[in-house]
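Report on the structure given below.
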Amino acid sequence: MILTSSLEENKRILKENLNIGKSFDIVGREFVIGEGRRLSYLVFIDGFAKDDILLRILEELQPVRQENTSSNLIKGLIQSRIGYIEVDTVTDVGKLQSSVLAGALALIIDGEKEAIIIDAREYPVRSPEEPDLEKVTRGSRDGLVETVIFNTALIRRRVRDPKLIFEIKNIGKRSKTDVVIGYIDDLADKNLLKSINEKLDQINVDALIMAEKTLEECMIKKKWYNPLPQAKFTERPDVAAAHLLEGHILILVDTSPSVMILPVTLFHFTQHAEDYYQNPFIGTYIRWIRFIGMLSAFILLPLWLLLVYNRNMLPDYLQFLGPKEPGKIPLFLQFLLLEFGLDLLRISSIHTPNSLSTSLGIIGGLLLSEFAVKVGWFTSETVLYAALAGIGTFATPSVEFAMAIRIFRIFLLILTGLFRNIGFIIGILITFWIIYSTKTFSGTKRYTWPLIPFDSKALSHLLFRKPIPEIRKKD
């Protein structure tokens, strides 16, 4: 639908479509421009418009002289009266409505078929604090926020490359959510970029309820039984900038402080910014400790259970494994109960106010475990190994990958408890088959690259934190 030259007709259309007068926060303000007494209509959303900017614009428009209210009025006002940077014109009613709902001001003048769009919006925003999930001992303390334009600015501040491009789309038939694709033009894979754009254009949902997580599920199709993440998320602008320089593509969703990074492989979830804020030797040490923790999170409990089942075959120096006295509950069920208990404690801590979280940790981690051992539910060894596995899970940088490890551990634990040796072997084979068969978003590299297919140079960069100049020189 196109705007008409009749102000009354345009007002009627906007009042019907935007529910002006029915919805209290959508405001329509009628006023007169200049000596020519040209009626005009200003539409905006209360809470988005900057009051001081709005006041200045009205002060400039109302005293416009007679000669400036005749021909080429729109052009003249934009060039000489509306002293604001982000100004545009539209003739389509749909685009006008979308701009207003996004927070811009729309000015319609009687006798004109164009409307002036003034992007003088201001979203409520929190300060860019360091994200809780990605803290570092040294380095920047700023983090992404829920406003997409601030996030692009935080990234642009770190990558002042003219080839850094941010493309914007609207997704969601009702929400019209702003989705931004960020990439460095001469580093990003053009085929991957085309594929991402096509998938975004094909998304048909009413709204991105859970922001980038809803977007991920709409873009990436995979088997229900595969818990492995195929996209990496970060709330740190320095991490996002580093991935841009490696040729990755970012997807930012308005209202979310997380950035989706594509494409990624298995080993991208094992790296953390802390590695690069320490010197190479310390960074390598931290990385290897993390590898050991992640491996123990997956294999420690099932392997210990398997060794206990085969204690008669163990050498003398491993005879200490296993409880000295059998508990009232089988070891296999003890581990499952501990797994569910740890998950319950984790979920409870999320829903607990910060002022009470310490008390919850004392109750769950100390009192319950101690009393459970005394009552006879658990042996002290099962609690110890479950705690070690839990620490390894929390050492995983990616929350999504940590949950995948937990699911694989429970799966392997169940098979080992039910079928012992053969169950452990089958569980290991199934887990590795799922990892091997998982594809990256781009499809050009395997999820297990650079281990399978083997790339010694890339693998050495993952296993060892090398000096940045050495990496750049070799690359």
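The values are calculated or read from the model by the stated rules, or taken from the named source; none is laboratory data. Because the structure is a prediction, the values reported are computed rather than measured. Neighbour counts run over all protein chains shown; Cβ positions are idealised from the backbone, glycine included.
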Quiz prompt | Residue that is buried (at least 17 other Cβ atoms within 10 Å of the Cβ), more than 27 Å from the chain's Cα centre (by Cα) and aliphatic (A, V, I, L, M), where the choices are I108, I74 | solution = I108
Quiz item: Of all the residues that make up region 86-102, how many are closer than 18 Å to A49 by Cβ and touching a helix residue (DSSP H, G or I) at 6+ places or on another chain (Cβ under 9 Å)?
Solution: 7
Quiz item: If you check R465 against the conditions, is it over 23 Å from L262 (Cβ atoms), in contact with a Ser or Thr (Cβ under 7 Å, 6 or more places away or on another chain) and not in a helix (DSSP H, G or I)?
Solution: yes
Practice problem: Quick one: which residue in L360, L331, L345, L366 is among the aliphatic types (A, V, I, L, M) and at pLDDT 85 or above? | Solution: L331
Exercise. Inspect region 124-143 for any residue being under 27 Å from V205 (Cα atoms) and outside the structural domain of L200 (by TED's automatic domain parsing) and give the result as yes or no.
Key: yes
Quiz item: Does at least one position in region 44-66 carry a residue that is touching a residue at least 12 places away in the same chain (Cβ under 8 Å), aromatic (F, W, Y) and surrounded by 18 or more Cβ atoms within 10 Å (Cβ to Cβ)?
Solution: yes
Exercise. Considering only region 252-297, state which residues are among the aliphatic types (A, V, I, L, M), touching a Leu at 6+ places or on another chain (Cβ under 9 Å) and closer than 30 Å to E167 by Cβ.
Key: L252, V253, V259, M260, I261, L262, L266
Quiz prompt | Residue list for region 154-199, restricted to those being of a type in the set (A, V, I, L, M), more than 17 Å from S256 (Cα to Cα) and surrounded by 15 or more Cβ atoms within 10 Å (Cβ to Cβ) | solution = V159, L164, I184, L187, A188, L192, L193, I196
Quiz item: Restricted to region 134-150, and to residues that are in contact with a strand residue (DSSP E or B) (Cβ under 9 Å, 6 or more places away or on another chain) and touching a residue at least 60 places away in the same chain (Cβ under 8 Å), which residue is surrounded by the most Cβ atoms within 10 Å (Cβ to Cβ)?
Solution: L144
Quiz item: Which of (1) within 27 Å of the chain's Cα centre (by Cα); (2) part of a helix (DSSP H, G or I); (3) of a type outside the set (G, A, S) does F441 not meet, given it meets every other one?
Solution: (2)
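Tell me, which residue of region 202-220 that is of a type in the set (V, I, T) and farther than 13 Å from D178 by Cα is surrounded by the most Cβ atoms within 10 Å (Cβ to Cβ)?
Ranking the qualifying residues of region 202-220, first place goes to T214.
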Quiz item: Residues of region 136-166 being part of a helix (DSSP H, G or I) and farther than 17 Å from T177 by Cα, which ones?
Solution: A153, L154, I155, R156, R157, R158
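Inspect region 123-135 for any residue being within 20 Å of R29 (Cα to Cα), part of a loop (DSSP other than H, G, I, E, B) and among the polar types (S, T, N, Q) and give the result as yes or no.
No.
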